[in-house]
Amino acid sequence: MDNIFKVNRRLEIMVEEYPTERYNSRIEDVALNNFTIAMPMRKGQPVYINHSSRIIGKVFAGSVAYQFKSSLLDKRMHPLPVWVVSLPTDVKKIQQRAFVRVDAVLPIMFKLQDDGDDDRPLFSATTKDISGGGLRMIFKESIKLGTRLEVSIELLELGIIETLAEVVRVDRPDETRDLYWIGLKYLNLPETLCNKIIKFVFKKQLEYRQRGI
């Protein structure tokens, strides 16, 4: 538990009052009998729920996500709007596909994994969507399943992510065009970099919701 629930880790929250909605949050503090999370927001306004409301959440720890249950104990508006919630119960690891995925067009550069050849060509592409577990990129050629790539993704103001990735899916959406969607899974992505991607995804989600997309 101590290795999962740490300050500043990102959360995705669902509450019983609004079962079809998901909210972004983060862990602000962890105590012996409870932990404090940033109050979720809806369209720029705090989400208000009843005392003892049940909460189902996901916490993202590196390349792994965990689902848990909790309940609201208290809420505070100062100095920052937060919820104080009960310690997590029914904590279980969930598959990488549980990572939130958003459409995003980002520049990406990649090479085939190093095989001792210093003259490997460098390719450029763009992402179609991205999540904390992987991404899809748009490329002009098909790439064999299982191929490992050294990729560099530019996350705008959050900087550049460099990681090893494996091709796990290849789709050709239009048979009349030489255009492919290449699905990549990150390999051994450090937690700090995974958190950057998750932060980017959550920010994009908020932007899309504010624009009604």
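The values are calculated or read from the model by the stated rules, or taken from the named source; none is laboratory data. These numbers come from a predicted model, not from an experiment. Heads up, the Cβs are rebuilt from the backbone with ideal geometry, glycines too, and the neighbour counts pull from every protein chain shown.
Matching residues to (1) outside any strand (DSSP E or B); (2) under 19 Å from A104 (Cα atoms); (3) in the same structural domain as L149 (by TED's automatic domain parsing):
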{"site": "E166", "(1), (2), (3)": "no, no, yes"}
{"site": "V170", "(1), (2), (3)": "no, yes, yes"}
{"site": "E175", "(1), (2), (3)": "yes, no, yes"}
{"site": "I182", "(1), (2), (3)": "no, yes, yes"}
{"site": "K185", "(1), (2), (3)": "no, yes, yes"}
{"site": "C194", "(1), (2), (3)": "yes, yes, yes"}
{"site": "I197", "(1), (2), (3)": "yes, yes, yes"}
{"site": "K204", "(1), (2), (3)": "yes, yes, yes"}
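Condition check ((1) among the small types (G, A, S); (2) in contact (Cβ under 8 Å) with a residue 24 or more places away in the chain; (3) loosely packed, with under 12 Cβ neighbours inside 10 Å) across all residues:
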residue	(1), (2), (3)
K43	no, yes, yes
V47	no, yes, no
I55	no, yes, no
F60	no, yes, no
A65	yes, yes, no
P81	no, yes, no
L87	no, yes, no
D90	no, no, yes
F99	no, yes, no
(request) Return the total of residues in the stretch 107-164 being in contact with a helix residue (DSSP H, G or I) (Cβ under 6 Å, 6 or more places away or on another chain) and outside any loop (DSSP other than H, G, I, E, B). (result) 2
(message) Can you pull out every residue in the stretch 14-25 that is farther than 18 Å from Q210 by Cβ and buried (at least 20 other Cβ atoms within 10 Å of the Cβ)?
(response) V15
(message) Please count how many residues of the stretch 1-43 are modelled with pLDDT of 90 or more and hydroxyl-bearing (S, T, Y).
(response) 2
(message) Could you go through the stretch 130-146 and let me know if any residue there is more than 30 Å from Q45 (Cβ to Cβ), within 15 Å of the chain's Cα centre (by Cα) and loosely packed, with under 15 Cβ neighbours inside 10 Å.
(response) no
